[in-house]
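A.B. asks: I'd like to ask you about the structure that follows.
The values are calculated or read from the model by the stated rules, or taken from the named source; none is laboratory data. Computed from a predicted structure; not experimentally measured. Neighbour counts are summed over all protein chains in view; Cβ atoms, including those assigned to glycine, are modelled from backbone coordinates with ideal geometry.
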Amino acid sequence: MTLAIFTALLLLASCLGLGGLALKIAGALAMFEPRLRWPLAFAFGYGLLGTLVFLLALAGSATGMPLAVLLLVGLGGLGLLGKPWPVGGAASNRVGAVLALGLVLAGALVLAVGLAPPTDADSLAYHFTRPLRVLQEGRLTFEMVAVEGAIPLLVQMTFFPALAWGGEKGMSLWAALAGAAPAWLLFAYGRRWLSGTGAMALGLALLTTPAMVFGLGSGQVESRAALFVLAGVIMLGELRTRRKIGLALLAGLAFGFFAGAKYYGLFAAALAFLLLLAIDRRPIVLLAFSLAGLAAGVAPYLWNWAETGDPVFPALWLALRLADTDFWNTVHNDYFLRYYYGSERPVVPGLGWLLAYPFMATLHGLAGWESGRTGLGLLPLLLLPFALAGFVRRGPGWTRSPLALAGALAALFYGIWFLFGASQRIRHLVPVLPLALLALWVAAERGSAWLEAWRAPLVAGLGAVLIVQLGGMALYALKPIRYLAGGMDRDAYLAANVAFYAPIPWINNHLGPTDRLLFFERQLAYFLKVPSYYGSTAYQARLDLTPDVPDNHPKRLGQLRDLGITHILMVPSLRDSGLNDPRPRMAKALVEDGCARSVYQTPAVWARSRTLGGDHVFEAEILALDWATCDTSRLGGRLPKPTGTVTNP
C-alpha cells in the first residue's frame, strides 16, 4: 500500500509540473490566481501524460527510460506553480466547518475506494486491461473489437505508469484521485463567483454525484474528461478579455485531450470551435486552437484509420465502403448496428424526448439510461427554477459572463449527444456536468438573492441533496472499507463483487501458454493470465456468434480452430443455459459431436448491485475442446481446412 500511495503522489506531482510547463510556455501561468493555477495545471498535465504515454506505448517505449524522463520533466516543472493558495476563511463559520468535514469524509472515501481491487465491468473489460496488456507485451497493440477495443485511449494510458510502478493498488488509487480532480477544479473556478462556503458546497456536490462516485473506483473516461472540458471553457472565457494566442492553444489542447479520450470529444471540440468563432475570429487564433487540438487528439484516430480504414471504427464502415475482412464485414456491421443502437438508445431521439430526457432520466429512468446508479442526481433539477429567476433578474447581460460559455457548451453538447449519439447512458453527460452545475448554481444564488423568500428553500434543498449524496457515497465505499479492514482476502472480495469471478483461479492454475480460452463475460478479461479470446456476439467478427449461423456450422468450427481455442468458459453451465443464445447452443453442439467435454464446474456469483447486493448464484463450467474426437458426420465427414489465420492475435 505504501508503494501505491507513493506512486500516486509521484504521478500527481508530475502532472502538476507538466501542466505548469504547458501554462508557462503558453504565457498563461501568471493569468490565474494560485488556487486556480494548481488544478488547471493538473488538468493539462493529466492530458499531456495520457497523450505522451500513448505515443510511447505505441512505439514500444513506455516501459523504459523514456517514461522515467517524462515523469522527471514533470517534476522539474512543479516549481513553476509557486505556493498553493491558503484556504483562507472558507471554513471560518459553522457552515464552512461542516462542509470542510464533508470534504474530508468524501476524500477518505475516495482513498478507500481507490485502494480496493477494481470491480467495475467496463474497467475490467478494457479501461484497466489495456494498460495491463501494454505492461505484459511491452507495447500497445490494436484490438479489432468495436466499442471496447478500437477506441481513443488517452485516459487508459494515464493508468499505465501507476500500474507499472505501483501495481494494481497504485493504478486503482491513481484512477480514484484523477476521478475526483474535477471537483477540485470546479471549486477553484467557482470561487470567482461564489463565497468560500458556496464553492466548497459546489465541489462537494459534484464529487458526490452518483455518476461521479461510480467513476471513482473505475477507469471510466467521463469523470476524467470533465477536467478537460472545464479547463477548455476556462481558457475560452479568459480569451474573451485577454485575447492571447496562448489561451487559444491551451483551449485547443484541452478539447483535443477530450477527443483523444472519447469519441464524444469530437462533438465538444467542434462546439468549442464554433464558440471560438463568436469570441475571437482572428485567423491566427483559430489556427492555434485547431493545431493544438489536432496535436492532442488526432493520434488515436490515425491509428484506427491505419488499422481498419475507419478513423472512428466502425461508425464509417459503410460510408467508406471498406472491404470485408476476417475481422469485420458488412453483414456483421449490419448486425452490430441493429444490436448496438437498439440496446443503447431506448427511446427514439426527437424534440419531445430532448426536452423530457433530463427530467425523465432523473425521476423515472429507463434501464438503458442507467440513471438509477450512474445518474446526475437531483441537484440540477433543484437549481433550475431558482436559476431561471436569476436569468430573469440579470436579463440579456448574462450572455456577457464567462458562465454563458459554460452553459452554452453544456446545453449544445447535450443536444447533439442526445440527437446524434450512439448511446443514451446518462453518465456520458458527466464531462459537461461541472459546466451545467456552475452556471445553474451561480444563477440560482442570484435568483434567491432577488427573491428572498426563496433563499431558505434553496439552502434546505442543497443541504438535503449533499447529505443524501454523501450517504450514497459512503454506502458505495462500504465494501471497500470492509476489505481494507481485513474482512476478506482478494479472491474472496473479487468473487463477491465481480460477476462470475469464481472460475478464474482454476483457469489461471490449470491452463498454460499453449491453451486459449474462449470467454463471453467481458469483466473477466483483466484477471485472465492465460491466452484468451473475448467472444462478443456484436463487437467482433472473427468468431461469428450471430443467431443466423447454425450451431455446428463448418464456418464457426473453422473459426474456433483458427483462433486456437482449446477451452470455453460457460456461465451459466450447459445444464442451466437456455436455447435462445447462440453461444450455449454452439457449446452444446460441440459436446454432442464429441468435440468438447466438461472438465470443471464451480458456483459463481452474479451480484445485481455491487453496493446493495442481491446475489444470484450460477454454475460456471469449463469445456475442453478436442478436434481428434469430433464426430464429423453432420459436417459431411470432414472438418473445415485451416484458413492460415494467425491463431494468437
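A.B. asks: Going by the conditions given, is residue 51 closer than 30 Å to residue 112 by Cβ and of a type in the set (Val, Ile, Thr)?
C.D. replies: no
A.B. asks: Could you tell me which residue of segment 514-561 is surrounded by the fewest Cβ atoms within 10 Å (Cβ to Cβ), considering only residues that are β-branched (Val, Ile, Thr) and over 24 Å from residue 131 (Cβ atoms)?
C.D. replies: The selected residue is 514.
A.B. asks: For segment 482-523: of the residues being hydrophobic (A, V, I, L, M, F, W, C), out of contact with any Phe, Trp or Tyr (no Cβ under 7 Å at 6 or more places or on another chain) and within 20 Å of residue 120 (Cβ to Cβ), which is modelled with the lowest pLDDT?
C.D. replies: The qualifying residue modelled with the lowest pLDDT is 488.
A.B. asks: Now for a different question. Against the definition (touching a helix residue (DSSP H, G or I) at 6+ places or on another chain (Cβ under 9 Å) and within 24 Å of residue 69 (Cβ to Cβ)), how does residue 141 come out, yes or no?
C.D. replies: yes
A.B. asks: Right, residue 152: at pLDDT 95 or above and either surrounded by fewer than 20 Cβ atoms within 10 Å (Cβ to Cβ) or farther than 25 Å from residue 9 by Cα (or both) or not?
C.D. replies: Judged against the criteria, residue 152 is a match.
A.B. asks: I'm trying to understand the selection: among the residues of segment 565-585, which are crowded, with 18+ Cβ neighbours inside 10 Å and free of Cβ contacts under 8 Å to residues at least 24 places away in the same chain?
C.D. replies: Across segment 565-585, the qualifying residues are 577, 584.
A.B. asks: Restricting attention to segment 280-290, which residues are surrounded by fewer than 16 Cβ atoms within 10 Å (Cβ to Cβ) and either part of a helix (DSSP H, G or I) or in contact (Cβ under 8 Å) with a residue 40 or more places away in the chain (or both)?
C.D. replies: Residues satisfying the conditions are 283, 284, 287.
A.B. asks: Take residue 82 and decide whether it is modelled with pLDDT under 90 and surrounded by fewer than 18 Cβ atoms within 10 Å (Cβ to Cβ).
C.D. replies: It is true that residue 82 is modelled with pLDDT under 90 and surrounded by fewer than 18 Cβ atoms within 10 Å (Cβ to Cβ).
Table: residues versus (1) in a loop (DSSP other than H, G, I, E, B); (2) modelled with pLDDT under 75; (3) under 33 Å from the mean Cα position of the chain (by Cα).
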{"position": "559", "(1), (2), (3)": "no, no, yes"}
{"position": "575", "(1), (2), (3)": "yes, no, no"}
{"position": "597", "(1), (2), (3)": "no, no, no"}
{"position": "600", "(1), (2), (3)": "no, no, no"}
{"position": "643", "(1), (2), (3)": "yes, yes, no"}
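A.B. asks: How many residues does segment 469-480 contain that are in contact (Cβ under 8 Å) with a residue 24 or more places away in the chain and surrounded by fewer than 17 Cβ atoms within 10 Å (Cβ to Cβ)?
C.D. replies: Selection size over segment 469-480: 2.
A.B. asks: Also, quick follow-up: From the list 287, 250, 266, 271, which one is over 21 Å from residue 53 (Cβ atoms) and in contact with a Phe, Trp or Tyr (Cβ under 8 Å, 6 or more places away or on another chain)?
C.D. replies: Criteria check complete, one pass: 271.
A.B. asks: Looking at segment 536-543, is at least one residue assigned by TED's automatic domain parsing to the domain that holds residue 605, part of a helix (DSSP H, G or I) and at negative phi?
C.D. replies: no
A.B. asks: Further, regarding this structure: Consider residue 502 carefully, then state whether it is in a loop (DSSP other than H, G, I, E, B), under 27 Å from the mean Cα position of the chain (by Cα) and either in contact (Cβ under 8 Å) with a residue 24 or more places away in the chain or outside the structural domain of residue 213 (by TED's automatic domain parsing) (or both).
C.D. replies: Answer is yes for this residue.
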